[in-house]
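Read the figures in this text as sums done on the coordinates, not as results from a lab. Here the structure is a predicted model, which is why all the values come from computation and not from measurement. So basically every Cβ, Gly included, is an ideal-geometry build from the backbone, and we count neighbours across all protein chains shown.
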Amino acid sequence: MVSGHWQKLRRAALYTLGSLTAVLIAFLITAVFLLLVGRNPIEVYIGIYQGAFGDSFSFSETLVAATPIMLCGLGVAIAQWLGMMNVGVEGQLYLGAIGATYVALNCHFTHSWQLLPLMLVGAAICGGFWSFIPAILRVTIGVSEVITTLLMNYIALLLVEFLIHGPWEDPNNVSWPQTAAFPAIAELPHLFATRVHLGIVFGIGIALLFAFLLPTTKIGFISRVIGSNPDAAEYAHYKVKRYQVWAMIISGAVAALAGFSQVSAIEGRLRSGLSPGYGYTGFLACWLARHNPIAIVIVSILIGGLLSGADSLQLSAKLPFATVNILQGMIFFCLLATEQYINKLTSKSNIESNTESPKVLRSEA
Amino acid sequence: MNIELSEFLIAVAAGMVRSATPVLYATLGEIITERSGILNVGLEGIMLVGAFTGVAITYQTHSVGLGLVAAMIAGLLLGLFHALLAIYFQANQVGVGIAMTIFGTGLSAYLGMDYVGKQINTLGTFKLPLLSDIPVIGPIFFSHDILVYATFILVPLIAFIINRTRLGLTLRAVGEEPRSAAAAGINVELTRYIATACGAALAGLGGAYLSLAYAQGWSENITAGRGWIAVGLVLFASWNPFRALIGAYLFGGAISLQLRLQAAGLDVSPYLLGMLPYVLVILVLSISTARRKNAPSSVPTALGLPYIPQV
């Protein structure tokens, strides 16, 4: 067994090294881009670092940004473990925000402990419903969930716009597209007198839960079989489709918690600019972490730092926020480019890792 | 028939043809790419960069033609990059596409900041003589610009090339049986690089049509998911250019109808109407997939798989 542990450790080290190399190369390439547009990349990067981890306030803001990324990343991972690619976490985040908002504005309670759990449930149901649609289309008809989850992101955004311009418009301020402010009891508790809130506890809790459940339970075992070899799972009479649909529902519900905690703890109302693409960032975080729940927590905090650091430079150094997207895209490219090489090093068979990708767009006849 | 209603319908249909054009270019391009076995789902990012490049070059040179060419070159370069990652690095192609979308969104937003709301030359309307005078058909199909007319030729042309020429045979062989193709002396990798570059160039052109002819200016995220719509339409079309035309017109019809209804003062939230095209694409994709469930699959066999030459 000792060699087994070593093997695992070696793989983890190689994965970490691979992800770090990818990030490093991406930073270098983006530095060239910054030079080309007349920016000093060293200044920008130091600024981002200062804004992310420079002092305790910046670090708290990093954790605030990391929270929705973590929840979205975990959402992506849950679906991915069973071979479903959920690119719709951005939309599921917005649906979660809608569900939580509905409860916050319509259920009249006197205590937080009555309202908040109900908001959480409302968010999870809406988010779960949003990912259920692509899941059921995929397992019954064979429609690629990559495309449907993505298109539903656009529908979710329009739904939010419809609500805040229409039925849920703030009656006290019709000129500004947003809902009325939530009652004070709808605010998720904050930690350490900062903007950090309970959402991060949800994230870390869910990560730990899955890190524990996946290797130890029967459901976890079956899930891993389905994820690595759906044909074998079918042959073993596992209920592959049912598992996959539930994975997608849970995936959407977890992503919805990001929307719930954003409207409850940060915004205090529903508005359209709720997420600067946390869903897509979460997707990247999940891949950088190679779908490992604990690693997702760590990667999310690092990327959260990137986001909040760049956010602080937006005003002080007039650095457009789009820089973050360029950098994220670059990191993703570099990660994908090095993936095969790392897989070879971890002695994972070439064929196995290659056949994963294409099925996504194929109809399952 | 009521004159007002018939005018309304003609306007919707004419709008359909225009709204369909950007998506149609991207869809046709993706058909070429996927026929070679490469899956490029990053069309959204490529279209965005194309749309931006078109506006930027047109603004600098005052030439729409140069803007369009530049957009195609930008698309071509991104296509080559996609192919490099997919072929040389054997990367997960869906992953690359999503990365391309994030990257293209960021790049176009960054560089496009100075171009938001800028007045530019746009692709002018050119009514085809005689043809545009035909009642009903004329205003719907022949009162647009040259890039719309080009699709009328491009659709049958691409179908002809794929199905009836030696070039098309090479393309299909590479997408279906890369090893056999290689054994027959075809350069699999080169074919795939070229197909991906051509496909992405068309996506770039589609993006530029959006900014130079359709919306007539640059704005952030101008494509609003059209790249993903195109990826979906390729599946709907089962890699057939004529069916791609139908799919693009369905999508364009939904866009056009929604805009016309709003203009006509229909009392429905524009945001609800705006969902129509996306819902429609998901619906037609589902229906067509369900109907084909038991039919022989037309998916290029090697689609999305990395090619590992035998040594």
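Observations on the model:
- At most 10 other Cβ within 10 Å, DSSP loop - chymotrypsin sites (Phe, Trp or Tyr not before Pro), region B:202-305: none
- Using a cutoff of 8 angstrom between alpha carbon atoms and counting only pairs six or more residues apart, the relative contact order for region B:3-291 works out to 38 percent.
- At full extension, residue B:308 and residue B:149 could sit 53.2 nm farther apart than now, given 0.36 nm per residue minus the alpha carbon distance.
- Taking chymotrypsin sites (Phe, Trp or Tyr not before Pro) in DSSP loop states with no more than 15 other Cβ atoms inside 10 Å as exposed sites, chain A has its longest site-free stretch at A:193-365.
- With N as its number of residues, region B:3-291 has a Cα radius of gyration that, divided by 2.2 N^0.38 Å, comes to 1.00.
- Per-residue mean of C-beta atoms belonging to partner chains within 10 Å, peptide A:314-322: 2
- Length-normalised contact order of region A:3-108 in % [C-alpha pairs under 8 Å, at least 6 apart]: 9
- Three-way shape call for chain A based on the alpha-carbon gyration tensor, with the a/c threshold at 1.5: oblate
- Cβ neighbours within 10 Å from other chains - mean over B:272-284: 4
- A simple spin-label model places pseudo-atoms 7 Å from Cα toward Cβ; at residue B:157 and residue B:301 they are separated by 3.1 nm.
- Label-point gap, in nm, between residue A:28 and residue A:237 - each point 7 angstrom along Cα→Cβ: 5.6
- Computed E for residue A:5/residue A:192 - FRET, C-beta separation, R0 45 angstrom, nearest 0.05: 0.80
- Theoretical ellipticity at 222 nm over chain B - DSSP helices of four or more residues, -39500 (n - 2.57) apiece, nearest 500: -23000 deg cm²/dmol
- A Förster radius of 25 Å, combined with the Cβ-Cβ distance separating residue B:293 from residue B:179, puts the computed FRET efficiency at roughly 0.30.
- The spacing between region A:88-108 and region B:44-99, judged by their C-alpha centroids, is 36 Å.
- Based on C-alpha pairs under 8 angstrom that are at least 6 apart in sequence, region A:52-320 has a relative contact order of 41 percent.
- For chain B, built as a Gaussian network whose Cα springs stay under 10 Å, the top-fluctuating residue of B:21, B:61, B:105: B:61
- The mean number of Cβ atoms from other chains found within 10 Å of a Cβ in peptide B:232-238 is 3, as a whole number.
- Computed E for residue B:268/residue B:128 - FRET, C-beta separation, R0 51 angstrom, nearest 0.05: 0.90
- Model label zone, residue A:318; criterion: amide N under 19 Å from point 7 Å along Cα-to-beta-carbon; scope region B:111-148: B:111-118
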